[in-house]
Amino acid sequence: MKNFWLVKQEPSAYSWANFAADGKTSWTGVRNFTARNNLRAMRKGDTVLFYHSVTEKAVVGIAKVVREAYADRTAEEGDWSAVDLAPEKELPCPVTLDEIKHNPKLKGMALLRLSRLSVQPVTSAEFAEILGMAR
């Protein structure tokens, strides 16, 4: 069964444009246990919403998991994981955090309840709603 996720990134550190130009990236540097466990739950082929945090606060693109969890080589100590993601497409119109907050269908979304979590699950209904809002 396919799962849906959302990953957050500060555009000043690594934007959608950087990701699209690279064609693939290792999602490293996650140092939160819940987010790490979410990385470990990702499966090849799962769909991922790419969210620009801090300045833009908007879902801007869709990616795919192309390699399941493995040891994060950027970790100097501890049991941390990474996955590989590849960009699929930029959304026609970014979906802002404010728009998400004002959509009653998204009131239970992890993005609103766990605002600091950098890797989080998204339901199929939430994913479909976000795509609909991006048109």
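Each reported figure results from applying straightforward, stated rules to the coordinates on display, with no laboratory input. Keep in mind the model is a prediction, meaning the values are calculated, not measured. Note that each Cβ is placed from the backbone with ideal geometry, even for glycine, and that neighbours are counted across all protein chains shown.
Surrounded by fewer than 17 Cβ atoms within 10 Å (Cβ to Cβ), closer than 21 Å to Val54 by Cβ and under 14 Å from the mean Cα position of the chain (by Cα) - does that describe any residue in region 78-93? Break it down into steps so the answer makes sense when it comes.
So the first thing to find is which residues in region 78-93 are surrounded by fewer than 17 Cβ atoms within 10 Å (Cβ to Cβ), and the list is 78-79, 86, 88-90, 92-93.
Then drop every residue that is not closer than 21 Å to Val54 by Cβ, which leaves 90, 93.
Pick out the ones that are also under 14 Å from the mean Cα position of the chain (by Cα) and you get 90.
Yes, the conditions are met somewhere in region 78-93.
Let's see how each residue does on (1) under 11 Å from the mean Cα position of the chain (by Cα); (2) surrounded by 21 or more Cβ atoms within 10 Å (Cβ to Cβ); (3) farther than 23 Å from Ala128 by Cα; (4) free of Cβ contacts under 8 Å to residues at least 40 places away in the same chain:
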residue	(1), (2), (3), (4)
Arg31	no, no, yes, no
Thr34	no, no, yes, no
Lys44	no, no, no, yes
Thr47	yes, no, no, no
Tyr51	yes, yes, no, no
Val60	yes, yes, no, no
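Determine if region 63-70 includes at least one residue that is among the aromatic types (Phe, Trp, Tyr), assigned to a strand (DSSP E or B) and closer than 21 Å to Ile130 by Cβ. The answer is no; no qualifying residue exists. Within region 1-25, residues that are at negative phi and surrounded by fewer than 16 Cβ atoms within 10 Å (Cβ to Cβ) reach partners that are outside any strand (DSSP E or B) and small (Gly, Ala, Ser) with beta carbons closer than 6 Å, at six or more positions or on different chains, in the pairs Glu10/Ser53.
Looking only at residues in region 62-71 that are in contact (Cβ under 8 Å) with a residue 12 or more places away in the chain and either of a type in the set (S, T, N, Q) or loosely packed, with under 15 Cβ neighbours inside 10 Å (or both), the one that is farthest from Leu91 (Cα to Cα) is Tyr70.
In the condition set (1) buried (at least 16 other Cβ atoms within 10 Å of the Cβ); (2) more than 13 Å from the chain's Cα centre (by Cα); (3) assigned to a helix (DSSP H, G or I); (4) not polar (S, T, N, Q), Leu39 is compliant with all but (2).
Filter region 102-111 for residues that are surrounded by 13 or more Cβ atoms within 10 Å (Cβ to Cβ) and more than 12 Å from the chain's Cα centre (by Cα); which is nearest to Tyr51 (Cα to Cα)? First the steps, then the outcome.
Initially, region 102-111 is screened for residues surrounded by 13 or more Cβ atoms within 10 Å (Cβ to Cβ), giving 103, 105-106, 109-111.
So of that shortlist, the ones also more than 12 Å from the chain's Cα centre (by Cα) come out as 103, 105-106, 109.
Working: Asn103: 17, Lys105: 19, Leu106: 15, Met109: 14 Å.
By that ranking, first place goes to Met109.
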